[in-house]
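Values quoted throughout were computed directly from the atomic coordinates according to the rules given, and no laboratory measurement underlies them. All values derive from a computational prediction rather than experimental measurement. Quick reminder, even Gly has a Cβ in these numbers, built from the backbone with ideal geometry, and neighbours come from all protein chains shown.
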Amino acid sequence: MVEGQTFKERLLIAVQDSYQAYVDHGARSNQKIKVLHGWIISELTNVLGKEYVIKGLSESGGKEQKVRGKYNVDVAISREGIILGVVSVKFVMSNYNQNKHNYFEQ
């Protein structure tokens, strides 16, 4: 986080960085989403503090976090071993017609 930047400015930089990862690694790579996950984790850590554990794809070997039930999520927020909240991120860059229902139904 850069001192003096607004939340909106930091978000736009993260989206730009994510798009650059898309350009560099291609549409099928998950590198573009890892950039956004890292940004979300950083922002949440700054807001929530160190008593919460926040994990995403990069901290779990590229795998989604499993939560109770049938759900897999991109970022999980836990405290004392109990998942309290989740964040799911979808960055539709190609095949929009094929993926739009799957992404938004989740």
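Sort 33-40, 17-24, 47-54 for me by packing, meaning the mean count of neighbouring Cβ atoms within 10 Å per residue, highest on top.
Final packing ranking: 33-40, 17-24, 47-54.
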- What is the gain in length, in nm to one decimal, between Gln20 and Glu3 on full extension, counting 0.36 nm per residue of separation less the C-alpha to C-alpha distance? 3.8 nm
- Message: Run the numbers for Arg10 and Ser29: contour at 0.36 nm per residue of separation, minus the present Cα-Cα distance, in nm.
- Response: 4.5 nm
